[in-house]
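The values are calculated or read from the model by the stated rules, or taken from the named source; none is laboratory data. Note that the structure is a prediction, hence the values are computed from the model and not measured. Note: ideal-geometry Cβ built from the backbone for every residue, glycine included; neighbour counts use all protein chains shown. Ligands, DNA and RNA are stripped out before the accessible areas are found, and what is left, the full protein with its side chains, is counted by its heavy atoms. Shrake-Rupley method; radii C 1.70, N 1.55, O 1.52, S 1.80 Å.
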Amino acid sequence: MQTIQHWIAGSYANPDPDSRLGEVTNPATGKVSSRVALASAAVVDQAVQAAAAAFPAWRDTSLARRVQILFAFRELLNARKGELAAIITAEHGKVLDDALGEVARGQEVVEFACGIPHLLKGGYTENASTKVDVHSVRQPVGPAVIISPFNFPAMVPMWFFPVAIAAGNTVVLKPSEKDPTAANWMAELWKEAGLPDGVFNVVHGDKESVDALLEHPEIKSVSFVGSTPIARYVYERGTASGKRVQALGGAKNHMLVLPDADLDLAADAAVNAGYGAAGERCMAISAVVAVESVADELVAKIAERTAKLRVGDGMRGTDMGPLVTAAHRDKVAGYIAAGEEAGAELVLDGRTVEPDAEGDGFFLAPTLFDRVTPEMSIYTDEIFGPVLSVVRVPGYDEGLTLINDNPYGNGTAIFTNDGGAARRFENEVQVGMVGINVPIPVPMAYYSFGGWKNSLFGDSHAHGSEGVHFFTRGKVVTTRWLDPSHGGINLGFPQNI
């Protein structure tokens, strides 16, 4: 059986006979497809040292050359995106069309980073003081760590590494050990695009490797996406080690549906945003907040659409694939049982499923709850599965309060045809990303991605202008070139005259 190795300094690391190994499973069949080497602190050090050694030369590589390599990577990725999508489907389980969409959204950040010469332009002031000029520059921080989750093995790393590399940094990527092959595939693509060895490295592992990365003195920045408890841990441990950290955490995303909304549009959106990728999205809608006067009709429309979804192997043209592991499938099934026991109305029970797949995959069908209340665990917890909860409210004010009282603030949406209500919601809701008749408001790459409250630790969002600032440091230079007439001594404090 193949063992997936680390990618260090432009090639695969030699197998370590003492290395711990993890299993990589095809979640549609339940079969182990490969093993993955789990990095020790010593292996992490090798990868970091490779990144540190490559940094000075890459930092001083011209912007023109960096952009040429980025464009080459973009062209290769565009030509071979089907390969990467198939890898994602085989290891994560999401359907092939969804995997292709993931690659496309990651590609947007690559294209954004191709504009790095403009994004890194500084400012210049002539004669700020007499014959004194001032200018600013932005310079790379140094070796950067990216710790990415299982649910987007290509897109989430691409939120960070194109901008980091374009800005002159080197990278060590630690992908999820559940679906590690996509990271190695992208490393090979970078080499083919002409990226110098050591600029992009991949180490596979678990908590041991994460801790080693967070504490390594050569690492200057850490970018993380995952659950809120781990995001908090990464932020606290990374900053304690003197690193700048952006740690994106969990979510409980709400979709407020007002009485004047197009209910067919809202029902389509709830199904798409609630059950896509089997609900394993940090931007998934998991709570539909329905104004009571339209709740019955809305729930009926959602149920009608959900019941028609085909569940099965993502390679077979189904609508929804499996969950990533058996343990996670069982955890989500436990939430369904807890919701039923708490008194929520179970409209559709996903525990009864006949998937279009071979073997013993990790499947649940889409589940729909109605009359969910805020104290139930299916509302309070980020389930990360195909479970959609409908919470009924009397009107707009109560819906807004419910959303703002939630400890998460990643994404939210409102469905309405009332421009005044939409504008008020945009202004009043305490969430970082807002959709108006858009259920998953993931911004384009030239804007920045990130939430509020317990959905973000640190003050920098991913990609966009905030991403460029995260991977660079500002420097201001004050210059005076003396002309031949200069002379004399003055012990007074300098004056801006």
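Of note:
- Within the range 184-207, tally of residues that are open to solvent by 10 Å² or more (accessible area, probe 1.4 Å), closer than 24 Å to S33 by Cβ and outside any helix (DSSP H, G or I): 1
- Contact annotation: residue pairs with Cβ atoms under 9 Å, 6 or more positions apart or on different chains, pairing a residue in the range 180-195 that is farther than 18 Å from A166 by Cα with a partner that is assigned to a helix (DSSP H, G or I) and open to solvent by 10 Å² or more (accessible area, probe 1.4 Å), are P180/E91; T181/I87; T181/A90; T181/E91; A182/I87; A182/E91; W185/E83; W185/I87.
A quick yes/no check of all residues on (1) of a type in the set (D, E, K, R); (2) surrounded by fewer than 24 Cβ atoms within 10 Å (Cβ to Cβ):
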| position | (1), (2) |
| --- | --- |
| G242 | no, yes |
| L258 | no, yes |
| Y275 | no, no |
| R316 | yes, yes |
| L323 | no, no |
| A337 | no, yes |
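- Index of the failed condition, W452 passing every other in (1) in contact with a strand residue (DSSP E or B) (Cβ under 7 Å, 6 or more places away or on another chain); (2) in contact (Cβ under 8 Å) with a residue 60 or more places away in the chain; (3) surrounded by fewer than 18 Cβ atoms within 10 Å (Cβ to Cβ): (2)
- Inclusion of D98 among residues that are touching a Gly at 6+ places or on another chain (Cβ under 7 Å), assigned to a helix (DSSP H, G or I) and among the charged types (D, E, K, R) is warranted.
- Listed by first and then second residue, the pairs linking a residue in the range 227-239 that is over 20 Å from E280 (Cα atoms) to a residue that is open to solvent by 60 Å² or more (accessible area, probe 1.4 Å), with Cβ atoms under 9 Å apart and 6 or more places separating them unless they lie on different chains, are R237/E215; G238/E215; G238/R244.
- Identity of the residue in the range 20-45, out of contact with any strand residue (DSSP E or B) (no Cβ under 8 Å at 6 or more places or on another chain) and not hydrophobic (A, V, I, L, M, F, W, C), that ends up most open to solvent (accessible area, probe 1.4 Å): D45
- Candidates E340, E280, filtered to the one that is without any contact (Cβ under 8 Å) to a residue 60 or more places away in the chain, touching a Leu at 6+ places or on another chain (Cβ under 8 Å), more than 22 Å from F415 (Cα to Cα) and not polar (S, T, N, Q): E340
- Any hit, the range 458-473, residues being open to solvent by 70 Å² or more (accessible area, probe 1.4 Å), among the β-branched types (V, I, T) and within 28 Å of G123 (Cβ to Cβ): no
- Entry remark, the range 406-444: residues being without any contact (Cβ under 8 Å) to a residue 24 or more places away in the chain and farther than 16 Å from A261 by Cβ number 2 in total.
- Complete set of residues in the range 52-79 that are open to solvent by 70 Å² or more (accessible area, probe 1.4 Å) and farther than 24 Å from I219 by Cα: R65, Q68, F71, E75, A79
- Scanning the range 1-37 for residues that are part of a loop (DSSP other than H, G, I, E, B) and in contact with a helix residue (DSSP H, G or I) (Cβ under 9 Å, 6 or more places away or on another chain) returns Q5, H6, A9, G10, A13, D16, S19, P27, A28, G30.
- If you filter the range 151-167 down to residues that are within 18 Å of L213 (Cβ to Cβ) and either more than 10 Å from the chain's Cα centre (by Cα) or of a type in the set (G, A, S) (or both), you find that the one that is surrounded by the fewest Cβ atoms within 10 Å (Cβ to Cβ) is I165.
- Pairing each residue of the range 291-303 that is part of a helix (DSSP H, G or I) with any residue that is open to solvent by less than 60 Å² (accessible area, probe 1.4 Å) and basic (K, R), provided the two are 6+ apart or on different chains, yields C-beta distances under 6 Å for E292/R392; A295/R392.
Condition check ((1) within 24 Å of V271 (Cα to Cα); (2) in contact with an Asp or Glu (Cβ under 6 Å, 6 or more places away or on another chain)) across all residues:
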| site | (1), (2) |
| --- | --- |
| N410 | yes, no |
| N417 | yes, yes |
| E428 | no, no |
| V431 | yes, no |
| I436 | yes, no |
| P439 | yes, no |
| A445 | no, yes |
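- Qualifying residue in the range 131-143 (condition: over 25 Å from A64 (Cβ atoms) and buried (at least 24 other Cβ atoms within 10 Å of the Cβ)): no
- Every residue from the range 244-276 that is charged (D, E, K, R) and touching a residue at least 40 places away in the same chain (Cβ under 8 Å): R244, K252, D260, D262
- Within the range 168-183, tally of residues that are among the polar types (S, T, N, Q), buried (at least 24 other Cβ atoms within 10 Å of the Cβ) and not in a loop (DSSP other than H, G, I, E, B): 0
- Just one residue in the set L76, L63 is among the hydrophobic types (A, V, I, L, M, F, W, C) and over 16 Å from N184 (Cβ atoms); that residue is L63.
- Flag for G122 being over 26 Å from G317 (Cα atoms), in contact with a Lys or Arg (Cβ under 9 Å, 6 or more places away or on another chain), open to solvent by 10 Å² or more (accessible area, probe 1.4 Å) and not in a helix (DSSP H, G or I): yes
- Contacts under 8 angstrom Cβ, first residue in the range 59-87 being free of Cβ contacts under 8 Å to residues at least 60 places away in the same chain, partner of a type in the set (D, E), 6 or more apart: R74/E111; A85/E102
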